[in-house]
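Here is the structure we will look at, set down as structure tokens.
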Amino acid sequence: LNNNIPGQFNQPQIKSRISILITKIKMMDLFIHLNQIPDEKVIFLIGEINKELVSLERQMDKVVEKAKIPKEEGEADFLRMLDTTRAIPNSAPPLDQNLPKVE
């Protein structure tokens, strides 16, 4: 499930909620396959899984709502300038560490 996330939802907040959900579902699977099923734990876990599903849905709704907000003119360019991976490298040569320093 974590490998097939659409690009729009491929964010750490969504991934963490999916991971929690997967963990709780695996716990449920473990409890169900025991010889003696712990009823109280399974009932509690069902509630927890439902809460996590609601949390995941709300986080996805937030992402969708944010995507609907139109960007202002020039905002995309501004965000690109803030991206340090695209920054123009310094063209000045590195300082020679062996030169005497003037203090």
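Miscellaneous remarks
- Reported count of residues in segment 24-43, each being surrounded by 12 or more Cβ atoms within 10 Å (Cβ to Cβ) and within 23 Å of GLN59 (Cβ to Cβ), is 4.
- For the chain, the helices (runs of 4 or more DSSP H) that sit wholly inside it and include 3 or more residues that are at pLDDT 75 or above are 12-32, 39-68.
- Residue match in segment 45-65 (condition: surrounded by fewer than 11 Cβ atoms within 10 Å (Cβ to Cβ) and either touching a Cys at 6+ places or on another chain (Cβ under 8 Å) or over 25 Å from PRO6 (Cβ atoms) (or both)): yes
- Members of segment 1-58 that are of a type in the set (Gly, Ala, Ser) and touching a residue at least 12 places away in the same chain (Cβ under 8 Å): SER19, SER55
The values are calculated or read from the model by the stated rules, or taken from the named source; none is laboratory data. Just so it is clear, the model here is predicted, and its values are computed rather than measured. Quick reminder, even Gly has a Cβ in these numbers, built from the backbone with ideal geometry, and neighbours come from all protein chains shown.
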